[in-house]
Amino acid sequence: MSSLAWKIATCNIKDMNVSAKQEDIIRWHMILNNDILIVTETKLCSSVKSWIMNKFSGIRVFTSSLDAGFLNAGVTLIMNENLAKHVSKISEIPDRLLMVHLLFKNKQSVFVLSLYTEASWDRHMIQAGLINSFIAKACNENTFVILGGDFNENENKHSSSFKKYVDLGLVNTLINSPYIKASTWSNSRGVKRTIDFVFVSQSLSNALINRQVVDVDKFFNTDHSSVQITIGLGGILDPVLRAICVQANRDK
């Protein structure tokens, strides 16, 4: 991270219980010089979860999973230590949503959320109310929000579902970019869909420097691509810039 920008990436990694794959994922995080990595479908069992949180130096790993959901769920946030030292609170919907609250000087807040929703639309909708209440709690005019993960839904197919994020003042970072129609998931039958996203507060969307969808095959095995963004957040510790961002949220 430079003093002027944060680099953030998200990817469905399809399991990180194996030590070699954990190391591949962390190596990818470091090669890309990310500040925050949002990973989903981690499938971490409890015996591995406590171990991996203290395995790597220079970063901190926050994770939520249930052994009962071991076959298909789990969310994790990997954060560089210089940001992780600002963690004030961690909340979760086990297996599905992890919310880390960063608190900086002058009580400036950033909420970073890792989300992995059900592929089954019926179960997806059952969980939606609780998930939305967590996201809504983070989305107020005095905070900055970064929400990423595998939403298991497509903006065109489920436009009403995506509208809830817009109503909360969040912006899909792929909007108005060449990558808006890029697939982030594919299978062996040739089916391709865009189901992984990073949403940010309206004010943060104005500070987007870069956004892209990138294959990760040379680093580790998964059937997803990574959504990666860079945001000019260096001024987040500046109360003057914060006042401007707050006003932008009020005007949205």
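Things worth noting here:
- Between Ser19 and Val214, residue separation times 0.36 nm minus the direct Cα-Cα distance comes to 67.8 nm.
- Label-to-label distance, nm, for residues given as Lys85 and Lys105 (7 Å Cα→Cβ offset): 1.3
- A simple spin-label model places pseudo-atoms 7 Å from Cα toward Cβ; at Asp167 and Gln127 they are separated by 2.1 nm.
- Point-charge dipole on Cβ atoms (K/R +1, D/E -1) for the stretch 153-233, about Cα centre, debye to 20: 180
- Pairs exceeding 20 Å between alpha-carbon atoms, taken from Lys14/Lys164; Lys14/Lys192; Lys14/Lys163; Lys21/Lys218; Lys85/Lys107; Lys43/Lys85: Lys14/Lys164; Lys14/Lys163; Lys43/Lys85.
- Restricting the stretch 179-238 to trypsin sites (Lys or Arg not before Pro) that sit in a DSSP loop and have at most 14 other Cβ atoms within 10 Å of their own Cβ leaves Lys181, Arg189, Lys218.
We did not get these values from a lab; they are worked out from the coordinates using the rules stated. What you see is a predicted model; the values in this text were computed from it and never measured. Cβ: placed from backbone, ideal geometry, glycine included. Neighbour counts: every protein chain shown.
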